[in-house]
Amino acid sequence: MRLKTKRLGAVLGLSVTALLGSAAAASAVPPVTIPPGQFVVDEAGVLGPETEEVRSAITETRQDSGYTLFVVYVDDFTNPSDPEEWGDRVVEQRNMGAREVLLSVATEDRRLQVSSSEDSALTDAQGQAMLDAATDELFGKETISSEDWAAAAVSALTSRTGFTCEDPLP
């Protein structure tokens, strides 16, 4: 299966790293498997009590738009280290459909990636709107709190440009 990934995410991630600064290297994180029924995976442990805020935004976005969104926080993207490939593997493992989107956040590397399946209804412009909204919450901060990480995901999830689709749901 060939996957459609928002290529700008990898480029944006490098820009975010340059603007936000790089953090210390962390342990290797291969692509995660998202357990059934879970929409937030925080392997980096950055959300804490803010996890519920992200879950609520995912539920609201799903009800408003019909998109199912998954948010994954890891220390860094490894095995593969390319954010695009990493996201593609998670999408493939999860067998995501046309209305499912993944926002991957590497907290130590400070890189973000939006990924979706090849048959995704999400356009490149909509994926870029998600990245822009998430990144706006993180620019210029040396230290990023759990509230900042949560705000980045919530902003991406609630970016109305990112989740409008004229096609009716199946």
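The values are calculated or read from the model by the stated rules, or taken from the named source; none is laboratory data. Quick caveat, the model's predicted, so the values are computed rather than measured. Every residue, glycine as well, gets a Cβ built from its backbone with ideal geometry; the counts of neighbours run over all protein chains shown. The accessibility values were calculated without ligands, DNA or RNA, using every heavy atom of the protein model including side chains. Shrake-Rupley method; radii C 1.70, N 1.55, O 1.52, S 1.80 Å.
Results, tabulated for the structure shown:
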read-out: Residue order for T135, T51 - accessible surface, 1.4 angstrom probe, largest first; value: T51, T135
read-out: The range 60-160, accessible surface, carbon-and-sulfur percent (1.4 angstrom probe); value: 38
read-out: Separation between Cα centres of the range 24-96 and the range 99-151, rounded to whole Å; value: 10
read-out: Estimated dipole of the range 106-151 in Debye, rounded to 20 [Cβ of Lys and Arg +1, of Asp and Glu -1, Cα centre]; value: 60
read-out: Integer Hz, Karplus 6.51/-1.76/1.60 couplings in order for the range 109-119, x for Gly and Pro; value: 7, 6, 10, 10, 8, 10, 9, 7, 6, 4, 8
read-out: Dipole-positive endmost among S145, L103, S159 within the range 91-161 (Cβ charges, Cα centre); value: S159
read-out: Label-reachable residues, the range 104-133, where backbone N falls under 15 Å from a point 7 Å from D148's Cα toward its Cβ; value: 106-112
read-out: Size of charge dipole - the range 32-77 - debye, nearest 20, with Cβ of Lys, Arg +1 and Asp, Glu -1, no other charges; value: 240
